[in-house]
Every structure is written in C-alpha cells, then in structure tokens.
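J.: Here it is, the structure, as structure tokens.
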Amino acid sequence: MTDQPTDDRTWALVTGASKGIGAATAVALARQGRNVLVGYGGDADGAAAVVTACEDAGVTARAVQADLSTSIDPLAEAAEDVGGVAVLVNNAGITADGLVFGMDDDAFARVLDVNLTASFRLSRAVLRRMLRARFGRIVNVTSVVGLHGNAGQANYAASKAGLVGLTKSLAREVGKRNITVNAVAPGFISTAMTDDVDTSDMLDRIPAGRLGEAEEIAAAIAFLCSDEAAYVNGTVLQVDGGLFA
C-alpha cells in the first residue's frame, strides 16, 4: 500500500541521488507520495533522469547541485524554499582508497568531509523545521565497512562508522519530537562504486550468493521513512545478503 503523507510531510531530500542507491531511493520515496529534492554533485544528466522518474510517479521533483566537500548551502536553501523537508536521506559518499601508511591527509579529510561532515551539517540545517513540525525522518546511509572495517579503506570506514555514532546520538536528542534517525548499512551492492572491485571471492562469503541491488537498499530506506517505522529509532539496519550474519 502506498503511503500518502499529509501536506506538511511531503518533501524529501536525498543526497547523491543522480545514480545508484540515491537514485533508487529518490524514486522509492516518490512512489510513497513524497516530492523529492534530488541532490547531486556532478552528474546533471543523471539527476535530470531521476527527476523525470520521480515525476512519472506523480510528484514534484527538483535537481539541486552541491559540492558537499565544501558546502551544503545549496541543498539547505532548496529545503527552505519548499518550506522544509520531512525526510532527509544522507546518501552521498566518496572513496579515496589506500593503505594508511600511504594515505595523505587530504585523502582522509576529503572522504570525511563528504561522507560524514556534510551529513552532520545537513541534518542540523533541516532539523529546525522538523522540530517545529514535530515530525521528521532522517536516514544515514552507512556501510558494513563502517561496522567491520576493510583494509585499504580506513578513511571510508572511519566516515561510515562516524555516521553510526551520529545516528544514535541524534536519535536520542530528537526522538521525543516524533523524529526518527536511523541508518542503513549496505553490503556489496551492484553500483558504479563496485564496478571496478573484484567481488568474486566475496560472493562465496555471501549466503545470498549475489551482490545486492540498489532498489533493495532503497526499499529498506523507504520503510524507515514511512509511518509504519515510527517506533524504529536509532537503529542500524544491515542489508548485506547475510554477509555478516
């Protein structure tokens, strides 16, 4: 059954939404009946395609470009322009892999800036209206790497582990106002980020025997944004095909 949000719950903002998990999430939320701000970094064509897909679901959608390594302001301003968002999905993420002894400060800082610091800043920006409305859903897209680590990804793992701490702390701060803050931790998903990764050995360790699909992560996120998930707060939902069961 499709959720039909009330008028003060209609806008969602999804970062990193021009492709992969973010694109699938934007469309899933549109199918819930939410208008969508499609946040993207550089792929304008991809973002335009996602806007069209959302509009095909019968809602309003807008693409908003922002370089999250420097500023979240364009996204925060777009959220204000529509009267505030009821749903925020912090999905945008980058990698800059390398072993710690060969990783420079910039590679470490840049990944944390996009994956963690921007999520903190954007959550802070949209929360004022959520608190006044006494309703909100924030979902942070972390990773199983943030829970278990991975050689060559200390910066990425640190950023995603930080999202877990942010999620749990913020859930305690705002839960009394009917605002939930949760995280989804995808395993190995078939996206552009894994296209260049040799996953043949990993498949033997995944009970499902395959990589996940972006739509499967989007379905978990959409559930956490729904009214049915109102009592789910401060949790980290692993969606990994049983990899870390």
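J.: Over the stretch 92-245, with the other protein chains present, what is the accessible area per residue in square angstrom, probe 1.4 angstrom?
T.: Values: 7590 Å² over 154 residues.
On a per-residue basis, the stretch 92-245 sits at 49 Å².
J.: Heavy atoms only, 1.4 Å probe, whole protein assembly: order M202, M130 by accessible area, highest first.
T.: Correct descending sequence by accessible area is M202, M130.
J.: Follow-up question, since we're still on this one. Angle, helix 20-31 long axis vs. longest principal axis of the chain, Cα atoms, 0 to 90°, nearest 10?
T.: For 20-31 against the chain, the angle is about 20 degrees.
J.: Would you work out the charge dipole size for the chain about its Cα centre, treating the Cβ of every Lys and Arg as +1 and the Cβ of every Asp and Glu as -1, and quote it to the nearest 20 debye?
T.: That gives a dipole near 1220 debye.
J.: Under a 10 Å cutoff between Cα atoms, tell me which one of L122, L112, L131 has the largest fluctuation in the Gaussian network model of the chain.
T.: Among L122, L112, L131, the largest GNM mean-square fluctuation belongs to L131.
J.: Let's test the formula: R0 of 25 Å, r as the Cβ-Cβ distance of D97 and S71. What FRET efficiency results, to the nearest 0.05?
T.: Details: r = 25 Å, r/R0 = 1.00.
Efficiency, from the Cβ-Cβ distance: 0.50.
J.: Output the peptides 72-78, 145-151 sorted from most to least packed, where packing is the average of other Cβ atoms within 10 Å over each peptide's residues.
T.: Sorting 72-78, 145-151 by mean packing, highest first, produces 72-78, 145-151.
J.: Normalised by the residues of the chain, what does the relative contact order come to in percent, with Cα pairs under 8 Å and at least six apart?
T.: 19 percent
J.: If you place +1 on the Cβ of every Lys and Arg and -1 on the Cβ of every Asp and Glu, how big does the dipole about the Cα centre of the stretch 1-106 come out, in debye to the nearest 20? Could the numbers behind the result be given before it?
T.: Working: 5 positive and 16 negative charges, 108 e Å.
With only Lys, Arg, Asp and Glu charged at Cβ, the dipole is about 520 debye.
J.: Can I ask one more? How high is the relative contact order of the stretch 1-111, in percent, with contacts defined as C-alpha pairs under 8 Å that are six or more residues apart?
T.: Answer for the stretch 1-111 is 28 percent.
J.: For the stretch 127-160, which trypsin sites (Lys or Arg not before Pro) are in a loop by DSSP, counting at most 16 other Cβ atoms within 10 Å?
T.: Loop-located and lightly packed - R134.
J.: If you don't mind, there's one more thing I want to ask. Among 212-220, 168-176, how do they line up from the highest to the lowest mean number of other beta-carbon atoms within 10 Å?
T.: By packing density, highest mean first, the sequence is 212-220, 168-176.
J.: So how strong a dipole does the stretch 35-166 carry about its Cα centre when Lys and Arg Cβ are +1 and Asp and Glu Cβ are -1, to the nearest 20 debye?
T.: 800 debye
J.: Measure off, as a whole percent, the carbon and sulfur share of the 1.4 Å-probe accessible area of the chain, all protein chains present. Each step should come with its number before you reach the end.
T.: Values: 5560 of 11310 Å².
Heavy-atom surface of the chain belonging to carbon and sulfur, 1.4 Å probe: 49 percent.
J.: Picking from L211, A118, F135, whose Cα lies most toward the positive end of the charge dipole for the stretch 97-245 (charges on Cβ: Lys, Arg +1; Asp, Glu -1)?
T.: Farthest towards the positive pole: F135.
J.: Which cross-chain or sequence-distant (5 or more) residues have an amide H under 5 Å from the amide H of L88, H modelled 1.01 Å from N in plane?
T.: L13, R137, I138, V139
J.: Something else about it: Give me the distance between the Cα centres of the stretch 14-37 and the stretch 65-142, rounded to whole Å.
T.: A separation of 15 Å, based on Cα centres.
J.: Please list, or write none, the lysines whose alpha carbon is within less than 22 Å of the alpha carbon of K168, excluding same-chain residues fewer than 8 places away.
T.: Correct list for K168: K160, K176.
J.: For Y231 and D106, compute 0.36 nm times the residue count separating them, minus their Cα-Cα distance, and round to one decimal in nm.
T.: Stretched fully, the Y231-D106 segment lengthens by 41.0 nm.
J.: Turning to a different aspect of this structure: Name the shape class, rounded, prolate or oblate, that the alpha-carbon gyration tensor gives for the stretch 52-146, where a ≥ b ≥ c are the square roots of its eigenvalues, rounded holds for a/c under 1.5, and otherwise prolate holds if a/b is larger than b/c and oblate otherwise.
T.: prolate
J.: Please list, in order along the stretch 121-131, the HN-Hα scalar couplings obtained from phi with the Karplus expression 6.51 cos²θ - 1.76 cosθ + 1.60 (θ = phi - 60°), rounded to whole Hz, x for Gly and Pro.
T.: 5, 6, 4, 4, 5, 8, 5, 4, 6, 4, 5
J.: Please state the shape class of the stretch 87-245: rounded when a/c is under 1.5, otherwise prolate if a/b exceeds b/c and oblate if not, all from the C-alpha gyration tensor.
T.: Taking the square roots of the gyration eigenvalues as a ≥ b ≥ c, the stretch 87-245 is oblate.
The values are calculated or read from the model by the stated rules, or taken from the named source; none is laboratory data. Just so you know, these numbers come straight off a predicted model, no measurement behind them. Here Cβ is always computed from backbone atoms with ideal geometry, including for glycine, and neighbour counts include all displayed protein chains. Accessible surface is based on the protein model in full, side chains and every heavy atom, while ligands, DNA and RNA are left aside. Shrake-Rupley method; radii C 1.70, N 1.55, O 1.52, S 1.80 Å.
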